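In what follows, a single structure is set out as structure tokens and then discussed.
The values are calculated or read from the model by the stated rules, or taken from the named source; none is laboratory data. Remember, predicted model here, so these are calculated numbers, not experimental data. Cβ atoms come from the backbone with ideal geometry, glycine included; neighbour counts cover every protein chain shown.
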Amino acid sequence: MELAGKRVLLIISGGIAAYKSLDLIRRLRERGASVRPVMSRAAQEFITPLAVGALAASHVYTDLFSREDEQDVGHIRLARDCDLVVVAPASADLMAKMAHGLADDLPSAVLLATDRPVLLAPAMNPVMWNAAPTRRNIETLKADGRHMIGPMRGEMAESGEAGTGRMAEPLEIVAAVVSLLAPGERPLAGRRAIVTSGPTHEPIDPVRYIANRSSGKQGHAIAAALARLGADVTLVSGPVTIADPAGLRTIHVETAEQMLEAVLGALPADIAVMVAAVADWRVVGAAGQKIKKLPGSAPAPLALAENPDILKTIGHHAERPTYVVGFAAETQDVEENGRRKLQAKGADIIVANDVSPDTGIMGGDRNRVKLISKAGVEEWPDLGKDEVAARLASRIAAELSGG
């Protein structure tokens with residue numbers, strides 16, 4: 001486990017993103033870290049110390065003036081008895097206190113007293129993030145040597161506004177923790193990876209298009225997982241509504257031809273993971289204006305042409321990556337179709353799954369996959385898409401290292 005024996009002091013400040021800290025605790029402990037939580041008064045309005053303490057298996061510290069906790073100068077002990085301080089979420093208020101050296105509650109006192117590395121995961125409304133005082137505070141904190149992960153761009157849970165301000169996802173924060181505390185645990189350092197994700201949209205006219213029902217969740221998660229293991233990742237994403245993963249390059253495309261061009265432009269690479277649900281067909285001569293429905297007339301026929309096969313192109317390319325992974329989204333004969341795809345496309349492994357409507361996989365947060373290779377078929381249990389991504393990234397790293 002990458003973080004075995006490491007001690008993380010987790011400071012949770014106020015904001016709706018505090019709920020993510022519960023998953024963050026679980027993820028850190030899965031990797032062997034011990035987590036000691038500190039909660040601000042505002043954080044307790046969103047999640048309870050009882051829930052935090054249960055997940056951390058630790059006492060939760062909340063009060064600077066606690067008779068019990070402060071009898072041995074508890075805030076100083078907390079500030080020093082750890083390997084890393086993580087603030088997630090880091091509110092605008094708490095970062096302002098840090099930047100100006102204020103210490104009027106337990107979290108700010110601990111942060112002023114610590115001599116350990118500090119990792120901040122900001123979370124706030126986009127207008128607050130872009131406000132001049134916040135920008136000044138961020139620059140001060142960076143100059144003071146504080147590390148930062150995020151925030152991400154996306155829709156805000158509390159207001160429905162979109163912009164930069166969402167807290168980084170727990171697994172992204174864990175990756176940053178690993179890079180600070182266990183920098184040797186990056187088996188893909190120096191490797192280049194290309195990942196495709198999401199659907200493609202093939203225009204019929206300026207309003208209508210042909211597409212697949214992909215959300216991009218699995219592809220984006222795999223790109224982030226490879227980056228956490230040290231890979232230099234280029235993500236080629238079709239039209240999706242989820243945020244770009246932090247810390248890697250994302251190229252946005254619409255059509256299959258644009259996706260192929262972007263993938264070829266990212267070569268050479270060591271790894272290619274072709275997750276995108278690329279439309280098999282495109283319309284020949286898409287209309288420049290909206291096609292109007294005329295009363296009593298049949299719909300205009302659509303002439304279709306086959307789209308480029310991106311996986312097959314990469315699998316047989318002169319600059320073929322060392323390890324090529326393809327995905328097979330099927331509704332029947334999953335293993336048989338996966339084996340045919342493995343042979344035809346030149347991939348090292350096919351990740352096949354049943355995406356029938358009753359599975360909820362397309363657009364959902366969970367997946368159940370079979371890994372098909374020349375060695376045979378390996379079936380994984382029902383897992384969250386983040387966990388599928390983490391396992392697949394680890395498998396790729398092992399394959400490239402000969403393990």
* Asked: Which condition number in (1) touching a residue at least 24 places away in the same chain (Cβ under 8 Å); (2) more than 25 Å from the chain's Cα centre (by Cα) is the one that Leu102 fails?
  -> (1)
* For the stretch 172-193, indicate whether the set of residues that are surrounded by fewer than 17 Cβ atoms within 10 Å (Cβ to Cβ) and on the phi > 0 side of the Ramachandran plot is non-empty. => yes
* To do: Being under 16 Å from Thr164 (Cα atoms) and touching a Leu at 6+ places or on another chain (Cβ under 8 Å) is the filter; apply it to the stretch 89-138 and report the residue that is surrounded by the fewest Cβ atoms within 10 Å (Cβ to Cβ).
  => Leu120
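Every residue in the stretch 10-42 that is among the small types (Gly, Ala, Ser) and either within 24 Å of the chain's Cα centre (by Cα) or surrounded by fewer than 18 Cβ atoms within 10 Å (Cβ to Cβ) (or both), please. Don't jump to the end; show me each part of the working.
Of all residues in the stretch 10-42, those among the small types (Gly, Ala, Ser) come to 13-15, 17-18, 21, 32-34, 40, 42.
Matches in the stretch 10-42: Ser13, Gly14, Gly15, Ala17, Ala18, Ser21, Gly32, Ala33, Ser34, Ala42.
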* From the residues in the stretch 159-171 that are crowded, with 20+ Cβ neighbours inside 10 Å and among the charged types (D, E, K, R), which one is nearest to the chain's Cα centre (by Cα)? -> Glu169
* **Residue satisfying condition, being out of contact with any Leu (no Cβ under 6 Å at 6 or more places or on another chain), buried (at least 20 other Cβ atoms within 10 Å of the Cβ) and over 18 Å from Thr331 (Cα atoms), within set Ala375, Ala389** => Ala389
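May I ask you to say which residue of Arg191, Arg166 is in contact with a strand residue (DSSP E or B) (Cβ under 8 Å, 6 or more places away or on another chain), modelled with pLDDT of 85 or more and farther than 30 Å from Thr313 by Cβ?
Being in contact with a strand residue (DSSP E or B) (Cβ under 8 Å, 6 or more places away or on another chain), modelled with pLDDT of 85 or more and farther than 30 Å from Thr313 by Cβ holds for just one of Arg191, Arg166, which is Arg166.
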* Which of the residues belonging to the stretch 196-231 are polar (S, T, N, Q), buried (at least 19 other Cβ atoms within 10 Å of the Cβ) and either touching a Cys at 6+ places or on another chain (Cβ under 8 Å) or within 19 Å of Arg366 (Cα to Cα) (or both)? -> Thr196, Ser197, Ser214, Ser215, Gln218
* **Count of the stretch 293-309 residues which are closer than 14 Å to Glu202 by Cα and either in a loop (DSSP other than H, G, I, E, B) or β-branched (Val, Ile, Thr) (or both)** => 4
* Give the number of residues within the stretch 232-255 that are polar (S, T, N, Q), at pLDDT 95 or above and either in the same structural domain as Ala168 (by TED's automatic domain parsing) or in a loop (DSSP other than H, G, I, E, B) (or both). => 1
